[in-house]
């Protein structure tokens, strides 16, 4: 997705990654980026669902958190809201 974003704006992939990190840092965008530059957009509702899961269970293991996150987070790479936010913010 970040490669597509970079291509759309005719910028280097690293520049797109830097911009996404900036948007993450100021709270405009929520999500996680892996070490390969793949970005997973996480909605506020998904973050709240994860927080609720942790609160209900108390302590959770990393494995449990990974399993529950896979159920609670939509891993759809064509998430239109994420694309609109990335493209809209990146062009601003």
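Quick notes on this one:
- Sorted by Cβ density within 10 Å, fewest first, the residues 54, 73, 42: 54, 73, 42
- Label-point separation, residue 18 to residue 53 (7 Å along Cα→Cβ), nm: 3.5
- The ranking of 57, 19, 36 from fewest to most other beta carbons within 10 Å of each one's beta carbon is 36, 57, 19.
- As a proxy for reagent exposure, 68, 10, 61 were ordered by neighbouring Cβ count within 10 angstrom, fewest first; the result is 10, 61, 68.
- When the Cα gyration tensor is reduced to axis lengths a ≥ b ≥ c, the ratio a/c is 1.5 or higher for region 1-76, and with a/b above b/c it is classed as prolate.
The numbers here are math on the coordinates, done by the rules we state, and not lab data. Bear in mind that the values here come from a model prediction, so they are computed numbers and not experimental data. Neighbour counts run over all protein chains shown; Cβ positions are idealised from the backbone, glycine included.
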